[in-house]
């Protein structure tokens, strides 16, 4: 969000948002309102079907994957796990990252500006990374959380409500991964603001937990 305010007066900047088809309702509305208020071009991209449907068909994304729960293995087993699971990066690639890369290619962008920071727990491209002729820049690479919020406050920016609970961008309500990165806050936000989505999301998370617990039982030894 800080990057939006940095480049709000540059008419050549195109804002890209990967809408997975199953976003947190308040997040997608906030993005649309903010870019509209700043008079910036917004391009929403996404998968061919909502990520919720993709997950139902292919498997729920997870941070820890028992190999027998992977779709390719379930197809070979006489008694496969009830719930198919996939690595979270597979789900994100299909439903967010690849649509975004398609847009970058379609508009012929040579520079991509991102809000990545070196303190982020997961980083796909460092500041200045060049790939396929495209340079990825992260203007707030060295910023702390305090630096970000101080800058936004100074710009008079509205802060997304989930940050009050210690959350992050909270892209997809149906995500069952990234639980080590504000997972509890994500579900707490849903429970408070979107109880119907929370009920559906927590049920999905319960199926993940059951599958993981079943797999862990296989390596428990009785002494």
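Here is how the numbers come out for the structure above:
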{"read-out": "Euclidean distance between Cα centres, the stretch 75-105 to the stretch 1-63, Å", "value": "19"}
{"read-out": "The stretch 61-146: relative contact order in percent, alpha carbon pairs under 8 Å with at least 6 residues between", "value": "21"}
{"read-out": "Cβ crowding within 10 Å averaged over residues, with 114-127, 60-73 ranked highest first", "value": "60-73, 114-127"}
{"read-out": "Considering only the chain, percent of DSSP beta bridges that pair antiparallel, nearest 5", "value": "25"}
{"read-out": "Convex hull volume per residue in cubic angstrom - Cα atoms of the stretch 26-91", "value": "109"}
{"read-out": "Taking the stretch 2-217 and dividing mean pair separation by its residue count, relative contact order in percent (alpha carbons under 8 Å, at least six apart)", "value": "22"}
{"read-out": "Intensity falloff of the stretch 1-115 expressed as log10 I(q)/I(0), Debye formula with alpha-carbon point scatterers, at q = 0.10, 0.17 Å⁻¹", "value": "-0.41, -0.88"}
{"read-out": "For peptides 78-84, 135-141, sequence by mean Cβ density within 10 Å, most packed first", "value": "135-141, 78-84"}
{"read-out": "Stokes-Einstein diffusion coefficient of the chain, Kirkwood radius over Cα pairs, 10 °C, 1.306 mPa s, in µm²/s", "value": "82"}
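Throughout, read-outs are computed from the coordinates displayed, never taken from laboratory work. On a predicted model such as this, the values are computed, not experimentally measured, just so you know. In this analysis, Cβ positions are derived from the backbone assuming ideal geometry, glycine residues included, and neighbour counts consider all displayed protein chains.
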